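Remarks on the structure that follows.
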Amino acid sequence: MCAKNHTEKRSLIVSVLTNKCPRCRQGDLFTEKNPYKLKTTMRMPENCAVCGQKFELEPGFYFGTGYVSYGLSIAIFAMIFILWGLTIGLSVYNNSIIECLITGIVILIAMQPVLQRMARSVWIAFFVKYDRDWSRP
Ligand SMILES: [Zn+2]
């Protein structure tokens, strides 16, 4: 049979990148699929629709996502800087460094909704581990 098993385990990275519940890796962390609907982008259900995992483990649980978001932003900025240096080139004799910085800042601002969601997804994955037997009581 070639039918795909729907209970197949997703990898941790795929689960984090697709904003899935860390316990079952199937339920959605956010009620809105589109991160650029800014009014509702950070809205999360109280519990996972698939396994019932509570998403806000304690009051202010997502306060620490600022650190994750900062790390992700630095990593993306470093990638932009390296790619810019390898393709366009960086030099102190023209404006290429300023152009690279401005481009990086614009890209990071444009990516903020995605990064904020990913930071929450990474943060909750630190504290809630995958449970292979989540469907059993
Ligand atoms: Zn779940």
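ALA125 falls short on exactly one of the conditions (1) modelled with pLDDT under 95; (2) in contact with a Pro (Cβ under 7 Å, 6 or more places away or on another chain); (3) of a type in the set (Gly, Ala, Ser), and that condition is (1).
Restricting to the range 25-40, name every residue that is in contact (Cβ under 8 Å) with a residue 60 or more places away in the chain and surrounded by fewer than 18 Cβ atoms within 10 Å (Cβ to Cβ). Show your work before the answer.
So the first thing to find is which residues in the range 25-40 are in contact (Cβ under 8 Å) with a residue 60 or more places away in the chain, and the list is 25, 29-30, 35-36, 38.
Result: TYR36, LEU38.
Here is the figure for the range 29-55: residues that are of a type in the set (D, E, K, R) and under 15 Å from TRP134 (Cβ atoms) total 1. Given the options LEU12, LEU83, name the one that is among the aliphatic types (A, V, I, L, M) and modelled with pLDDT under 95. Of the residues listed, the single one that is among the aliphatic types (A, V, I, L, M) and modelled with pLDDT under 95 is LEU12.
Listed here are the residues, each with its yes/no results for (1) closer than 15 Å to CYS21 by Cβ; (2) polar (S, T, N, Q).
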site	(1), (2)
ASN47	yes, yes
PHE63	no, no
GLY89	no, no
SER96	no, yes
THR103	no, yes
VAL106	no, no
VAL114	no, no
PHE127	yes, no
SER135	yes, yes
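Among the residues of the range 29-65, those identified as outside any loop (DSSP other than H, G, I, E, B) and closer than 22 Å to ARG136 by Cβ are ASN47, LYS54. When the range 62-107 is filtered for residues that are within 25 Å of ARG117 (Cβ to Cβ), in contact with a helix residue (DSSP H, G or I) (Cβ under 8 Å, 6 or more places away or on another chain) and free of Cβ contacts under 8 Å to residues at least 24 places away in the same chain, the ones remaining, listed by number, are PHE81, THR103.
The values are calculated or read from the model by the stated rules, or taken from the named source; none is laboratory data. Not measured: the values here are computed from a predicted model. So basically every Cβ, Gly included, is an ideal-geometry build from the backbone, and we count neighbours across all protein chains shown.
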